[in-house]
Structures are given as C-alpha cells and as structure tokens.
Amino acid sequence: MNLFSALRQAFPADLDAVAIETADGPGAPLLYSWRDLDRASAMMANLLDSLALPAGSRIAVQVEKSVEALVLYLAVLRAGHVYLPLNNAYQASEIEYFIGNAEPAVVVCAPQCFGWVSKIAFQHGTAHVFTLGDDRSGTLLERAIFHPDQHVPATRRADDLAAILYTSGTTGRSKGAMLTHGNLLSNARTLKDYWNWQPGDVLIHALPIFHVHGLFVASHGALLNGSRMIWFSRFDPRAVLARMPQATVFMGVPTLYVRLLGEQGLNRAACAHMRLFISGSAPLLIETFTEWRQRTGHTILERYGMSETVMLTSNPCKADGGERVGGTVGLPLPGVGVRVVDDRGLPLAAGEIGHVQVKGPNVFKGYWRMPEKTADEFTSDLWFKTGDVGRFDPKGYLTIVGRSKDLIISGGYNVYPAEVEGVLNELPGVAESAVVGVPHPDFGEAVVAVVVPKPGAPAPEPTAMIATLKARIANFKVPKQIFVVADLPRNAMGKVQKKLLRDEHQGLFAG
Ligand code: MLC
Ligand code: AMP
C-alpha cells in the first residue's frame with residue numbers, strides 16, 4: 001500500500017482540527033488543519049503528475065525546514081515518486097555528487113540557492129527545478145496552487161521505493177539507502193504500538209526533516225496517530241521548554257537533551273504534562289539519562305536505528321513492558337531480528353561483544369546503483385551488517401559499545417573521517433591528514449584533524465584550513481580544531497594509529 005494512503009487514513013475524522021502549529025519562523029504561530037495537509041499535498045501531487053515524470057523518478061529536496069516541506073514529502077509519496085531529502089548544510093560539491101548519482105527528475109531548493117543548484121541540476125539532466133522558501137515563497141507553491149486539491153494516491157506495492165537517504169561511506173562517497181513503502185510503513189506501525197501513541201498525544205517536532213529521525217520516526221509517529229505537532233523550524237531549548245505544558249511527546253538527539261538540561265527552568269513542573277521523552281541517533285550518556293530523571297522525574301526512552309533500517313531496538317514504553325535501562329538501546333522491536341555475532345559470523349552469548357546484524361520488514365532494499373556494495377553489507381543468510389558493535393545482557397537489552405565502521409557522530413550527524421581527510425589532503429601544503437572524533441560536552445563527539453605539511457612547503461595555517469573547508473563541505477563535518485604535526489603515529493604495518501590520536505586529544509573539549 002502507498003505509505004501516504006496509510007497516513008491519510010489515520011487523519012482524524014474532524015479534518016478541520018489543527019494538525020500542525022508552527023512555534024517559530026515567519027508568521028508563527030500558523031495553524032495547519034488536517035484538511036490543509038490533504039489539500040496542499042493533493043495540489044503538489046497533481047503538479048508532479050502534470051510533469052509526466054517517468055516511473056520511479058527521484059525528487060531531490062534541499063530546503064529549510066517548513067510545514068510546506070513536509071507537505072512536499074507527502075505529495076511525493078502520494079504521486080508515487082521517490083523522495084530524496086538533502087541536509088541543507090551540504091555545499092556545492094556535495095550536492096553535485098548527490099544529483100549526479102541519483103539523477104533526480106525534479107530538484108526543489110531554497111530560493112536563494114536557485115542559481116547554483118539549478119546550474120548543477122540542469123548540467124546533470126534534471127528537467128525541473130522549483131524553489132521553496134521557509135516563508136511559503138517560491139515557484140513550487142506558485143505552480144501548485146493552479147492544480148486541483150483532490151488527488152487519488154498512486155498505487156504502490158510494499159517493495160516499491162518511497163525514499164532514498166544518502167549515508168556517508170567508510171571509503172569513497174555516500175551511498176543512497178533505498179527505503180520502500182513497506183519498510184517505512186511497517187516500522188511506523190510497530191512504533192505506534194510500541195511507544196503507545198495515544199489519543200490526545202501532541203508531539204514537539206524540533207528536529208530537521210532530512211534524516212530518518214525527524215522525517216520518519218517523528219513525523220510518521222504523529223501523522224499515523226492523527227496527533228497534533230508543535231513545529232519548530234530550529235531547535236531552541238528555551239522555546240521548546242516553554243511549549244512542554246501543551247505537549248506530551250518529545251524526540252531528540254542527545255545534544256538536544258544536553259542543551260535542555262542547560263535550562264534552569266527544566267524541572268518536574270515544566271515537564272508535568274509530558275508523557276514520553278525519546279532519544280536516539282547517537283549514544284545518550286548515562287550522566288544525561290540520570291540527570292534528566294533527577295530534574296524532571298521522567299526516564300528517557302533510548303532507541304537505536306539507522307538510515308538503512310529505520311528503527312531496530314527500543315527501551316520499553318508501556319508500564320508492563322519492563323524498565324528503561326540507561327546506557328542500553330533496549331530490546332529488538334517486535335518483528336525485527338537483532339543478533340550479535342563474532343568475526344566468523346557465529347552468534348554470541350549474552351555478555352559477549354560482537355557485530356550487530358539485523359533482519360526484518362524494515363531493512364532497506366539496498367544501496368542505489370551499488371549492487372556490489374549492497375551484497376557486501378549483507379550476510380549469505382541475508383542479515384544486514386550494521387557496522388555497530390554491541391552486546392546483549394541476559395534480559396535481552398542491547399548495548400552499543402562501539403562501531404566497526406570508522407564513523408564520528410557529532411550532534412546526531414554522521415561524519416566519515418575518510419571524506420574529511422580527502423578534502424584536507426587536497427589543500428595546498430598538506431601532505432596527509434588523519435581525522436578523529438573526541439568527546440565533546442555539547443555534540444557528544446567533535447571532529448578533530450591532525451595534518452602533516454608537505455616537506456619544504458610553508459606549513460598550512462589551521463584557521464585558514466577551517467575557513468576553506470567550510471566552503472567545501474557541510475559545516476558539521478568541518479574539524480573544530482586542526483593540529484599541524486611532523487608525522488602521524490603509525491604501527492609496524494604503516495597504518496595510522498587513530499586510537500593514539502584520540503587518546504592524545506581526549507581532553508580537548510573537557511568541561
Ligand atoms: C551545528 N554545528 C555543528 C553541528 N550542528 N557542529 C558539529 N556537529 C553538529 N551536529 C555547528 C555549525 O557548524 C556552526 O559552526 C555552529 O554549530 C552553529 O550552527 P547552527 O546550525 O546554528 O547549530 P544549531 O542550530 O545549534 O544545531 C545543533 C543541532 C543540530 C544539535 C540542533 O546539529 C541538529 O539539529 N542535530 C540533529 C541531527 C539529526 O537530526 N540527526 C538524526 C540523524 S538520523 P560555525 O563554526 O559555522 O559557527 C539517524 C538515525 C537514527 O542518525 O537512529 O535516528
Ligand atoms: P545514520 O547513518 O545517520 O542513520 O546513523 C546510524 C548510526 O547511528 C547507527 O549505525 C549507530 O552507529 C548510531 N546510533 C543511532 N542510534 C543510536 C543510539 N541510541 N546509541 C548509539 N548509537 C546510535
């Protein structure tokens with residue numbers, strides 16, 4: 001079934017009730033009814049239909065967060081195309097790669113980016129480029145209003161593509177994870193039940209909508225429950241706290257919880273109306289878990305997932321489901337297989353640390369146009385290798401203890417050292433570099449680089465390198481600090497010993 005149809009069926013009977021209320025941004029508060037979501041997504045879907053795009057067309061979207069951007073996502077599903085969201089921090093070379101790789105039929109970008117984005121898109125054969133601003137400006141809406149506000153959703157099967165999410169690769173460039181209507185719908189339905197979504201629940205939505213967490217987990221959760229959303233275009237801890245008395249559910253990456261804890265007003269009274277706080281996308285420190293419980297009386301529910309699989313495990317939600325254990329990511333979700341295996345692929349007993357592998361209706365179809373990479377990431381009995389390292393406890397709770405993939409997670413965003421090293425190594429005067437993640441009180445991990453200058457060349461200057469990088473790659477990937485050194489530490493095999501670098505810079509951001 002088309003995922004849109006399932007979400008649409010969950011709209012409440014009273015279509016004039018408020019579905020989304022904006023909490024910030026131009027014109028706030030703006031109220032969008034369920035009827036508005038239905039009519040606006042129909043108009044946009046009709047606009048897409050009028051373009052007579054080939055089946056399976058990708059619609060790439062790099063815009064500021066807005067309700068209209070969410071409606072565009074719904075419209076793409078409704079019209080039966082494939083949604084391709086892009087982080088708005090991505091710079092031209094990153095966008096060029098995604099557009100070149102995905103070959104979208106339609107690109108939607110922010111009005112102020114039309115010049116450079118459309119140039120890239122047209123060069124790669126994209127036929128249509130629209131703009132969408134966060135203040136309801138842009139050509140997408142200008143064109144959509146001329147289309148009817150009724151639309152019969154395209155028929156889609158469970159294994160038809162709904163979205164492609166690019167995730168960075170350990171080596172080389174990003175891979176597009178292909179998610180189907182069935183992947184997304186099965187996971188959304190499982191979470192609706194597991195997290196005990198109830199009539200009257202209200203979600204504070206303060207995450208970006210170009211990744212799994214904000215787009216699928218949060219938005220699908222509220223839509224499938226017919227729940228109102230209080231919609232923040234950007235996370236502001238004080239403003240979010242002020243809205244808790246009108247809300248019941250909040251979802252965030254750990255950085256959001258750390259920043260909320262920095263608010264003096266965060267206490268039991270401020271959270272009295274809340275039912276559920278959910279954390280994920282990066283490890284939640286036990287200190288944050290404990291302090292949150294002390295300050296608010298609520299126990300954060302930590303869950304674990306990834307772009308390729310949506311959600312995999314969760315701490316219990318219902319009163320009879322068991323306790324929420326800090327430092328763990330909980331139990332496998334119903335219908336999801338999770339196993340921990342050794343290097344040979346043999347299952348390990350509780351307490352033993354190994355590779356986390358998963359299976360289930362939520363697991364993606366493969367990487368876009370990368371059959372070999374896809375095959376590498378699945379075992380012969382079709383379990384997906386997550387690249388995470390974990391262990392089960394005797395009660396079946398999973399703890400993620402590390403990653404076999406060389407990945408840094410900063411403020412909930414993934415950064416692959418190889419990509420940043422590649423950009424650093426191209427800078428004048430740089431012979432080689434190594435990028436590591438070190439503990440950071442706000443972002444969990446921060447990106448730090450160590451650079452070796454070319455012999456005889458003037459030593460590159462860290463501030464200048466950082467400035468150059470900011471123009472080339474998304475800002476969250478740019479190292480917070482760069483050190484210039486004579487040599488990188490290597491082992492007998494000549495491999496850079498990143499652990500030594502991490503240890504050396506461990507305390508860089510302490511306190
Ligand atoms: C912003 N900055 C970051 C950063 N975010 N640096 C490192 N890591 C980050 N995550 C830097 C910018 O480069 C900039 O630096 C400065 O902070 C201010 O930028 P900003 O945009 O104003 O920051 P802010 O609005 O405060 O954003 C911080 C944040 C944001 C934590 C709110 O990063 C965020 O929304 N993170 C959530 C990511 C997320 O949704 N992940 C889910 C992935 S899905 P300078 O030097 O230029 O000033 C997934 C699967 C799953 O992983 O399981 O859910
Ligand atoms: P992404 O590729 O952005 O979808 O990131 C997925 C990765 O985030 C996972 O493979 C994990 O490494 C990490 N992750 C997500 N949730 C958690 C969590 N609760 N604890 C630890 N790591 C997590």
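The values are calculated or read from the model by the stated rules, or taken from the named source; none is laboratory data. Keep in mind it's a predicted model, so treat the numbers as computed, not measured. Ideal geometry is used to build each Cβ from the backbone, glycine not excepted, and the neighbour counts take in all protein chains shown. Remember, those area values only see protein heavy atoms, side chains included, never the ligands or the DNA or RNA. Shrake-Rupley method; radii C 1.70, N 1.55, O 1.52, S 1.80 Å.
Give region 452-474 a look and list any residue that's basic (Lys, Arg) and either in contact with a strand residue (DSSP E or B) (Cβ under 9 Å, 6 or more places away or on another chain) or in the same structural domain as ILE95 (by TED's automatic domain parsing) (or both), or say none. Scanning region 452-474 gives a single hit, LYS454. Screening region 390-401 for residues that are more than 9 Å from ligand 2 (Cβ to nearest atom) and either among the hydrophobic types (A, V, I, L, M, F, W, C) or on the phi > 0 side of the Ramachandran plot (or both) and picking the one that is most open to solvent (accessible area, probe 1.4 Å) gives VAL401. Here SER233 fulfils each of the conditions (1) in a loop (DSSP other than H, G, I, E, B); (2) open to solvent by less than 30 Å² (accessible area, probe 1.4 Å); (3) within 13 Å of ILE20 (Cβ to Cβ) apart from (2). Scan region 80-97 for residues that are open to solvent by 10 Å² or more (accessible area, probe 1.4 Å) and either over 22 Å from the mean Cα position of the chain (by Cα) or of a type in the set (Phe, Trp, Tyr) (or both) and jot them down. Once the filter is applied, which keeps residues that are open to solvent by 10 Å² or more (accessible area, probe 1.4 Å) and either over 22 Å from the mean Cα position of the chain (by Cα) or of a type in the set (Phe, Trp, Tyr) (or both), region 80-97 yields TYR90, TYR97. On the basis of being surrounded by 20 or more Cβ atoms within 10 Å (Cβ to Cβ) and either in the same structural domain as PHE384 (by TED's automatic domain parsing) or within 16 Å of ligand 1 (Cβ to nearest atom) (or both), does LEU215 make the cut? For LEU215, the condition - surrounded by 20 or more Cβ atoms within 10 Å (Cβ to Cβ) and either in the same structural domain as PHE384 (by TED's automatic domain parsing) or within 16 Å of ligand 1 (Cβ to nearest atom) (or both) - is met.
One line per residue, one yes/no per condition, for (1) of a type outside the set (S, T, N, Q); (2) touching a strand residue (DSSP E or B) at 6+ places or on another chain (Cβ under 8 Å):
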position: HIS220; (1), (2): yes, no
position: ARG238; (1), (2): yes, no
position: GLY262; (1), (2): yes, no
position: LEU266; (1), (2): yes, no
position: LEU284; (1), (2): yes, yes
position: THR290; (1), (2): no, no
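Note on region 34-78: residues that are hydrophobic (A, V, I, L, M, F, W, C) and open to solvent by 10 Å² or more (accessible area, probe 1.4 Å) total 7. In region 305-330, of all residues being more than 16 Å from ligand 1 (Cβ to nearest atom) and among the acidic types (Asp, Glu), the one that is nearest to SER174 (Cα to Cα) corresponds to GLU323. Taken over region 378-405, the residue count meeting the criterion of being within 16 Å of ligand 1 (Cβ to nearest atom) and not in a strand (DSSP E or B) is 1. Can you tell me which residue within region 490-509, out of those that are open to solvent by 80 Å² or more (accessible area, probe 1.4 Å) and among the hydrophobic types (A, V, I, L, M, F, W, C), is farthest from ligand 1 (Cβ to nearest atom)? Within region 490-509, the match that is farthest from ligand 1 (Cβ to nearest atom) is ALA492. Looking only at residues in region 173-209 that are outside any helix (DSSP H, G or I) and more than 20 Å from the chain's Cα centre (by Cα), the one that is nearest to ligand 1 (Cβ to nearest atom) is TRP197. Within region 88-106, residues that are away from ligand 2 (no atom under 16 Å from the Cβ) reach partners that are assigned to a helix (DSSP H, G or I) and open to solvent by 30 Å² or more (accessible area, probe 1.4 Å) with beta carbons closer than 7 Å, at six or more positions or on different chains, in the pairs GLN91/ALA471; GLN91/ARG472; ALA92/TRP116; SER93/ARG472.
Answer with yes or no whether ILE278 is open to solvent by less than 10 Å² (accessible area, probe 1.4 Å), in contact with a strand residue (DSSP E or B) (Cβ under 6 Å, 6 or more places away or on another chain) and assigned by TED's automatic domain parsing to the domain that holds HIS213.
Judged against the criteria, ILE278 is not a match.
A quick yes/no check of all residues on (1) more than 16 Å from ligand 2 (Cβ to nearest atom); (2) open to solvent by 50 Å² or more (accessible area, probe 1.4 Å); (3) over 15 Å from GLN91 (Cβ atoms):
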| position | (1), (2), (3) |
| --- | --- |
| VAL415 | no, no, no |
| ASN425 | yes, yes, yes |
| GLY456 | yes, yes, yes |
| PRO460 | yes, no, yes |
| MET465 | yes, no, yes |
| ARG472 | yes, yes, no |
| ASN475 | yes, yes, no |
| VAL478 | yes, no, no |
| LEU488 | yes, no, yes |
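Whenever a residue of region 290-310 is more than 15 Å from LEU256 (Cα to Cα), its partners that are within 15 Å of ligand 2 (Cβ to nearest atom) and modelled with pLDDT under 95, lying with C-beta atoms within less than 8 angstrom and at least six residues away or across chains, give the pairs MET306/THR167; SER307/THR167; GLU308/THR167.
Of the residues that make up region 100-111, is at least one within 19 Å of ILE164 (Cβ to Cβ), open to solvent by 10 Å² or more (accessible area, probe 1.4 Å) and assigned to a loop (DSSP other than H, G, I, E, B)?
yes
Checked against the criterion of being surrounded by fewer than 19 Cβ atoms within 10 Å (Cβ to Cβ), of a type outside the set (D, E, K, R) and in contact with a helix residue (DSSP H, G or I) (Cβ under 9 Å, 6 or more places away or on another chain), the candidates ALA272, ALA242, ALA206, ALA188 yield just one match: ALA272.
Does region 447-457 include one or more residues that are modelled with pLDDT under 95, of a type in the set (Gly, Ala, Ser) and more than 30 Å from the chain's Cα centre (by Cα)? Taking every residue of region 447-457 in turn, at least one turns out to be modelled with pLDDT under 95, of a type in the set (Gly, Ala, Ser) and more than 30 Å from the chain's Cα centre (by Cα). The set of residues in region 407-421 being within 16 Å of ligand 1 (Cβ to nearest atom) and not hydroxyl-bearing (Ser, Thr, Tyr) consists of LEU407, ILE408, ILE409, GLY411, GLY412, ASN414, VAL415, PRO417, GLU419, VAL420.
The residues listed here are VAL363, VAL338; of these, the one that is modelled with pLDDT of 95 or more and either part of a loop (DSSP other than H, G, I, E, B) or open to solvent by 40 Å² or more (accessible area, probe 1.4 Å) (or both) is VAL363.
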